[in-house]
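The values are calculated or read from the model by the stated rules, or taken from the named source; none is laboratory data. All figures in this text were calculated on a predicted structure; none of them were measured in a lab. Counting neighbours? That spans all protein chains shown, and the Cβs are built from the backbone with ideal geometry, glycine included. Just so you know, the surface numbers come from the protein's heavy atoms only, side chains and all, with ligands and any DNA or RNA stripped out. Shrake-Rupley method; radii C 1.70, N 1.55, O 1.52, S 1.80 Å.
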Amino acid sequence: MRRFLNELDTGARVGLIIVVGFLLAVFVGPYIIPYSEVEIVGKVFARPSGAHWLGTDNVGRDLLARILAGGQMTVIISFLATCGAFAIGVPLGIITAIIGGWSDLVITRMVDALMAFPGLILALILLSALGTSLPALLLVMSVLSSTIVFRLTRAVAADVAAMEYIEVARLRGETMRWFLFREVLPNVVPTLLTEFGLRFVYAAILISSLSFLGIGVQPPYADLGGMVKENSLAITFGRMAPILPALALAILAIGINLIVDGLLKRNSELDLHK
């Protein structure tokens, strides 16, 4: 672990500190502060005080409690949706790269057709038809993100599939499971890890956008995007209530992007030394 950290640049280490601090805050903080995210504890849009460090929201709930709970919900949904996208896109991308032929052509064109639609608009259409439950939300986000994961995996796996040792494995009569887990996947993991961070940020922004539009995370659950919408009127009173949830999302995105940039630089340096 220490060797891995030493190989990262300063920006990636700063990003790691930001992300770890954010995760500790949203997963430990709700158990420390004395208020829950649904409890009305004061006046509407009250100023920050010793009792409420960030003030209160549009119905008198503690804003800090809401931001911590909303950040936790955003992280969980984004992580599950990103895992779902990789569970769909990675195996499909590797299999099509190895098999090729008509199956590769048909699946690739289907993915291209899906990617032709703007992601947010397609999510709005699908969620309007499927409903705004959390399972439907995770399914839609996973499918939309899996298209980019599929294209990246297929491109990287196609380069690996052209190697001589893959041809030798084919002559030995190895199964698709062997190619997937023993030959191709270990060689594409570094690229996929960096893409996981980018897809996570995309999922966090998408769920926040959907919640802002009213079809994402539904009450009584808190969500950073939904909080911006709920507290938008606070701007007219000179309050920071709608800005703080957006700032929390921006901090998370910046931290992850710094880590991803550091991993990309590290992988490039390792490739040069090979």
Reported set for the range 221-231 where residues are open to solvent by 30 Å² or more (accessible area, probe 1.4 Å) and either farther than 19 Å from residue 45 by Cα or touching an Asp or Glu at 6+ places or on another chain (Cβ under 8 Å) (or both) is 221, 230
So for the range 48-70 (the condition being within 30 Å of residue 192 (Cβ to Cβ) and modelled with pLDDT under 95), does at least one residue qualify?
yes
Within the range 29-40, the residues that are open to solvent by 70 Å² or more (accessible area, probe 1.4 Å) and free of Cβ contacts under 8 Å to residues at least 60 places away in the same chain are 31, 32, 34, 39, 40
Residue pairs within 9 Å by beta carbon, gap of at least six or interchain, first lying in the range 108-127 and closer than 27 Å to residue 157 by Cβ and of a type outside the set (S, T, N, Q), second open to solvent by 80 Å² or more (accessible area, probe 1.4 Å) and in a helix (DSSP H, G or I), listed first then second, are 111/151; 112/151; 115/151; 117/125
Here the residues within the range 185-241 that are basic (Lys, Arg) and at pLDDT 85 or above are 199, 229
If we ask which residues in the range 134-146 are more than 21 Å from residue 222 (Cα to Cα) and surrounded by fewer than 19 Cβ atoms within 10 Å (Cβ to Cβ), their number turns out to be 1
Heads up, the helices (runs of 4 or more DSSP H) in the range 126-229 (entirely inside) with at least 3 residues that are more than 27 Å from residue 110 (Cβ to Cβ) are 164-172, 185-212
When you look at residue 247, is it open to solvent by 60 Å² or more (accessible area, probe 1.4 Å) and within 27 Å of residue 30 (Cβ to Cβ), yes or no?
yes
**OP:** With respect to residue 60, determine if the residue is among the small types (Gly, Ala, Ser), under 28 Å from residue 263 (Cα atoms) and either surrounded by fewer than 18 Cβ atoms within 10 Å (Cβ to Cβ) or in contact (Cβ under 8 Å) with a residue 12 or more places away in the chain (or both).
**Re:** no
Checked against (1) open to solvent by 80 Å² or more (accessible area, probe 1.4 Å); (2) within 21 Å of the chain's Cα centre (by Cα), residue 126 satisfies every condition except (1)
The one condition residue 211 fails out of (1) in contact with an Asp or Glu (Cβ under 9 Å, 6 or more places away or on another chain); (2) open to solvent by 30 Å² or more (accessible area, probe 1.4 Å); (3) free of Cβ contacts under 8 Å to residues at least 60 places away in the same chain is (2)
Over the range 88-107, the set of residues in a helix (DSSP H, G or I), open to solvent by 10 Å² or more (accessible area, probe 1.4 Å) and either of a type outside the set (A, V, I, L, M) or at pLDDT 95 or above (or both) is 91, 101, 102, 103, 104
Open item on the list: Looking at the structure I just gave you, is residue 10 of a type in the set (S, T, N, Q) and surrounded by 12 or more Cβ atoms within 10 Å (Cβ to Cβ)?
Closed with: no
